[in-house]
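Step one of this worksheet: look at the structure below.
The values are calculated or read from the model by the stated rules, or taken from the named source; none is laboratory data. Since we're looking at a predicted model, the values are computed, not measured. All Cβ positions, glycine included, derive from the backbone under ideal geometry; neighbour counts span all protein chains shown. The protein model used for the area step is the full one, side chains on, heavy atoms only, and it has no ligands, DNA or RNA in it. Shrake-Rupley method; radii C 1.70, N 1.55, O 1.52, S 1.80 Å.
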Amino acid sequence: MRGGTRRTHRGIGPIPEIRLEDVAAQVEGHVVVRGVSLTVPPGTKLALVGTNGAGKSTLLRAAAGIAEPAAGRVLLDGRPVGAMRPRERARVISFVSQEETPPDDLRLGEMVALGRIPYRSPWSMDTHGEMHIVRESLAALGLGDRLETPCTNLSGGERRRAMIARGLAQRCPVLMLDEPTNHLDIAWQLRLLDLLGSQPTTVIAAIHDIDTVLRHFDLVAVLHDGRMEASGRPAEVLDAGLMGEAFAVEAMQIPHPHTHQPHLLISRGKDTR
């Protein structure tokens with residue numbers, strides 16, 4: 001596992017341990033998932049998985065401090081995330097939602113530069129000294145030559161990559177992403193997962209493609225029936241019993257014939273919900 005360090009890297013501050021203590025997350029007063037207790041060591045890559053409506057996005061927003069938990073606490077090195085001021089929290093946690101898209105009235109470079117706002121003086125608009133960060137972030141997402149492109153001219157997949165580039169430009173020790181591979185073609189899904197795995201930070205992502213979790217994440221937490229069904233190393237957690245219970249599918253882990261990495265073979269189970 002990649003965790004267990006407080007290192008800093010290229011302007012990124014110390015990486016905190018994240019701990020959820022009996023957390024319940026809600027949407028408009030309705031509790032979607034409850035009783036989640038989980039520790040994420042520094043530098044760990046954690047996937048949140050579950051069926052539609054299981055509470056992945058809701059729990060992720062509570063973990064990021066964007067929404068207040070209905071119960072329990074989210075702690076960063078023992079400090080409640082809810083006690084942090086928004087500007088301070090934005091220097092520790094970069095959150096990329098699945099709904100947000102780039103504003104059409106900005107150019108791509110301008111939009112990604114918004115990720116640097118938490119580090120600027122109030123009312124400061126000078127981004128000259130930060131353009132190397134913007135360029136590096138765009139290049140990591142294959143958009144390095146699109147700095148002056150109006151955001152309205154981007155395709156759906158390019159818009160998704162642009163939002164992730166803005167998240168990277170924020171240079172936080174914790175990166176949280178809600179369905180980061182949405183709208184991406186298969187090649188870019190794999191490139192993005194490799195990129196996230198190489199980040200010198202904690203990464204927590206809500207993921208739909210469970211097969212990729214086996215190869216790209218250190219830990220997985222499975223949400224089902226309003227609670228956390230299981231958590232641990234993906235190869236140990238994502239077995240046939242769990243997949244049948246939480247996803248109503250038949251599944252088997254097999255090694256790739258050439259790479260020998262684990263893959264999930266999935267077929268529809270008896271429950272056709």
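Structural remarks
- Scanning region 223-240 for residues that are closer than 18 Å to PRO262 by Cα and in contact with a Ser or Thr (Cβ under 8 Å, 6 or more places away or on another chain) returns a single hit, VAL237.
- Among the residues of region 65-82, at least one is part of a helix (DSSP H, G or I) and among the aliphatic types (A, V, I, L, M).
A quick yes/no check of all residues on (1) at pLDDT below 95; (2) open to solvent by 30 Å² or more (accessible area, probe 1.4 Å); (3) part of a helix (DSSP H, G or I):
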| position | (1), (2), (3) |
| --- | --- |
| GLY4 | yes, yes, no |
| ARG7 | yes, yes, no |
| PRO16 | no, no, no |
| LEU20 | no, no, no |
| ALA25 | no, no, no |
| LEU46 | no, no, no |
| GLY53 | yes, yes, no |
| ALA62 | no, no, yes |
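- Residue in region 141-149 that is more than 28 Å from LEU76 (Cα to Cα) and either of a type in the set (Val, Ile, Thr) or in a helix (DSSP H, G or I) (or both) present: yes
- Residues in region 84-100 that are surrounded by 15 or more Cβ atoms within 10 Å (Cβ to Cβ) and out of contact with any Cys (no Cβ under 8 Å at 6 or more places or on another chain) were compared, and the one that is farthest from ALA165 (Cα to Cα) is MET84.
- Region 102-132, subset modelled with pLDDT under 90 and part of a loop (DSSP other than H, G, I, E, B), residue nearest to the chain's Cα centre (by Cα): ARG120
- So LEU138, is it without any contact (Cβ under 8 Å) to a residue 60 or more places away in the chain, among the hydrophobic types (A, V, I, L, M, F, W, C) and not in a helix (DSSP H, G or I): no
- Positions within region 64-79 being open to solvent by less than 50 Å² (accessible area, probe 1.4 Å) and not aliphatic (A, V, I, L, M), in sequence order: GLY65, PRO69, GLY72, GLY78
- Applying a threshold of 7 Å to beta carbon distances and a minimum spacing of six or more residues, or different chains, the list of pairs starting in region 175-188 at a residue that is under 17 Å from THR51 (Cα atoms) and ending at one that is open to solvent by 10 Å² or more (accessible area, probe 1.4 Å) and of a type in the set (S, T, N, Q) reads ASP178/SER57; ASP178/SER97; ASP178/GLN98; GLU179/GLN98; THR181/GLN189; ASN182/GLN98.
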